[in-house]
1. Exactly one condition in (1) surrounded by fewer than 22 Cβ atoms within 10 Å (Cβ to Cβ); (2) farther than 26 Å from residue 28 by Cα is false for residue 104; which is it?
2. Go through 74, 96, 118, 82 for me and flag whichever is surrounded by 18 or more Cβ atoms within 10 Å (Cβ to Cβ), in contact (Cβ under 8 Å) with a residue 12 or more places away in the chain and either in a loop (DSSP other than H, G, I, E, B) or touching a helix residue (DSSP H, G or I) at 6+ places or on another chain (Cβ under 6 Å) (or both).
3. Only one residue in 87, 30 is at pLDDT below 95, under 50 Å from the mean Cα position of the chain (by Cα) and closer than 26 Å to residue 137 by Cβ, so which one is that?
4. Out of 197, 223, 202, report the one residue that is within 27 Å of residue 123 (Cα to Cα), surrounded by fewer than 17 Cβ atoms within 10 Å (Cβ to Cβ), touching a residue at least 12 places away in the same chain (Cβ under 8 Å) and touching a strand residue (DSSP E or B) at 6+ places or on another chain (Cβ under 8 Å).
5. Select from region 220-237 the residues that are under 31 Å from the mean Cα position of the chain (by Cα), closer than 11 Å to residue 182 by Cβ and not in a strand (DSSP E or B) and list them in ascending order.
């Protein structure tokens, strides 16, 4: 009651523009709906300036009929009891955000014509809705419909200026693009809608922005019957058995088509069409390995890693681009298979040659080491034989070591002593007596020897 009284007090301060038509502008800049009385007070306004929110314990039914314009956002999040949200008179709001409303089953804003964004997340019980069913008075920039129970989007018939994202809607069965051009700067993404079996793109003639379709495994055919030019990018990935683009005569952007089904007719048509420029890839009967592209793993064997790389290369697109002319060349499936076999055989040949060279080098090292060991052992034997025989030295008379060594008289007479005769001098001599070398160690005995000179 106090909140209702406060809101009525605000309304009383705003000048009336007509009978029953007033403008509301709360000083706080927003209004949070907590009770049904707050809803009644808000619908007394024609235009509300500010954001409209709903409390987590707000009412289960909110009907904003009577309010025509919200100069701000309508944000409703985490309201567990809300089952119905509607207005037959609301024509304008900056954005409509619905998030985590588990029991919401009725959503209706048919008169909505001026808004910039729709953001819907986690609406599992919402199977159908009616939003902006008439002509728009301004361009919509963003539409995101994620994880809802919607079965159809027939009301979504207008182009989106920035981004349209329809993903992870388990019950969505059909969708169409009922206009001819995706403008530059606009991107359409349709992903992971498992029940989606009908996707109508027959009116689409030009793509200057982007269109991505992947992960919708119930779609088996796509007919781009009117598509003539791709100035942006078109990416198709899934389980298609039939993809046709009979009137395509210009690619100035990029085209990529990959499917586990047979689309050889499309791939051959792109290959033989010499007038196409830009970059285009086409892969039919793809059996791509399940890998994480953000992780690079090195195989323990060269052959294994190379074979895996070949498999991934064949499963993805094989194409080459000429940077000057912008032309592309694609390789047929038979050529891909031939390249794969050649690469695998070449890999095994390289591995075999590497192993053979390594074994040959090892054998050479063994042969070089063997003679060295033989020489070393022979030298040791010779040393042992030489060291085991005692060394001896014979004098000039053939006497054995240890016998007195006598020197003959010199040719020139030695000096005489004072008596005029010969003098006897004894010289100390050092003669090796015995050399017994054991393991490189010699024992030498020394002793004085007497040398006699004739008197």
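1. (1)
2. After applying the criteria, what remains is 82.
3. 30
4. Of the residues listed, the single one that is within 27 Å of residue 123 (Cα to Cα), surrounded by fewer than 17 Cβ atoms within 10 Å (Cβ to Cβ), touching a residue at least 12 places away in the same chain (Cβ under 8 Å) and touching a strand residue (DSSP E or B) at 6+ places or on another chain (Cβ under 8 Å) is 197.
5. Scanning region 220-237 gives 231, 232.
The values are calculated or read from the model by the stated rules, or taken from the named source; none is laboratory data. Since the model is a prediction, treat every value here as computed from it, not as a measurement. Here the Cβ is made from the backbone with ideal geometry for all residues, glycine too, and neighbour counts use every protein chain on show.
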